[in-house]
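Structure record follows, encoded as structure tokens.
Please treat every number below as a calculation from the coordinates, not as lab data. The structure displayed is predicted, hence computed values, not measured ones. Don't worry about glycine lacking a Cβ; one is built from the backbone with ideal geometry, like all the others, and counts go over all protein chains shown.
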Amino acid sequence: MKRLFVLVFILMLAMCVSAFAEGKTEGQALEKAGLDGETLSDIGFLLKHIKPLTPELCDEASRCLKASAALGNARGMVQLGEMYAGGWVPLEKGEDTVQQAIRWWEAGGEHGDGAGYYNLGLLYHNAPIPGGDVAAGHNFVPQDDAKALTYFKTAFDKGAVKAGRYIGLFYEKGIVVKQDFTTAAKYFEAAASRGDSTSKFYYANYLLEGKGTSQDIKKAMGIYQDVVDKKGHDIGNCANALGRIYEEGKYVPADHEKAVSYYLIGAAHENAASKQALADYAAGLYKQGIDQLNAGDCASAIPLFIQAANLGNTDALKMTGSGEK
């Protein structure tokens, strides 16, 4: 009921913008509704994330964002660009989806929102644009990584932290710049320090290997653990990294129990490597159980079969009577 009330309230606010169509000036309409550019941007954002996103909701969201943009709100401009890119805004005669998206992302960036320049970097890098490429696809323009890098750098300077991750990847892979792991590490560290989960994962990898920076195993493991503890976006990757560290015993003493505990977290977050590691470990336990059974040691075999079954090994599940009959 509370969620329904919130949605109805949002829709009522959005409908206030329809006062524009009644002949009132923009200022009169907004004054009457008690709305400003930031509020309109917030409403537009909420509306365009309601599922399912109906044509009516699209109309209300775009109307809010157009009003927000008209009042000079940078976030509203960026979101309006995303709606154009996604094909959610009806085009006027002579308008082009891509050019409208570029126009509003440029405007949003110029008004101080680095997300506008970040989206332009993604556009020219031909990478998916969150919130802006569902309907139209993301390969709008010929790939131009030199232009993308320029936009990413500007975006990062203006506070778009994810842009730092892409700059780091450009230097790591040598895309339109000379390959430079030291510079890559600096950008990963900078973006990580500003909260980007994926950059934390990349930077921890560099610290673990001593790649582009001084090796610091303790710090690397601390970053992985921090992402896991805070359930960051890259929790699966970081949990898998910790599982591998404890399994291999290269940097710390091997600890299979800890390795499995981290692989379980990784697998729960759809990390393919963790799933495979658990499958391999379970298969090993099952084989050990068979060996013990063949040696006539049932007491030692049974716990191994149970452990393997708990990790999903199908043969062990059948052996313990937990599988399909």
| query | What ratio of Cα Rg to 2.2 N^0.38 Å holds for the range 119-225? | reply | 1.11
| task | Just order 98-108, 299-309 by mean Cβ neighbour count inside 10 Å, highest at the front, would you? | result | 98-108, 299-309
| task | Please arrange 78, 89, 161 by counting, for each residue, the other beta carbons lying within 10 Å of its beta carbon, fewest first. | result | 161, 89, 78
| query | How would you rank 297, 59, 42, going from fewest to most other Cβ atoms within 10 Å of each one's own Cβ? | reply | 297, 59, 42
| request: Percent of Cα-Cα pairs per 10 Å bin, from 0 to the last occupied bin, for the chain, please list those. | output: 6, 19, 22, 20, 16, 11, 5, 1, 0, 0
| In terms of Cα to Cα distance under 13 Å, which aspartates and glutamates are near enough to residue 218, apart from those fewer than 8 places away along the same chain? | 209, 226
| Treating the beta-carbon of each Lys and Arg as +1 and of each Asp and Glu as -1, no other charges, what is the dipole magnitude of the range 242-325 about its Cα centre, to the nearest 20 debye? | 120 debye
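Given a cut-off of under 8 Å on Cα pairs at least six residues apart, what relative contact order in percent is computed for the chain?
7 percent
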| message | If you split all Cα-Cα distances of the range 140-184 into 5 Å bins from zero, what percentages do you get per bin, shortest first? | response | 6, 25, 29, 25, 13, 2, 0
| Distance violations [Cα-Cα > 25 Å] among 231/287; 66/230; 219/258; 258/287; 147/211 | 231/287; 66/230; 147/211
| Per the helix-only calculation at 222 nm, which mean residue ellipticity applies to the chain, given -39500 (n - 2.57) for every DSSP H run of n ≥ 4 and division by its residues, nearest 500 deg cm²/dmol? | -21500 deg cm²/dmol
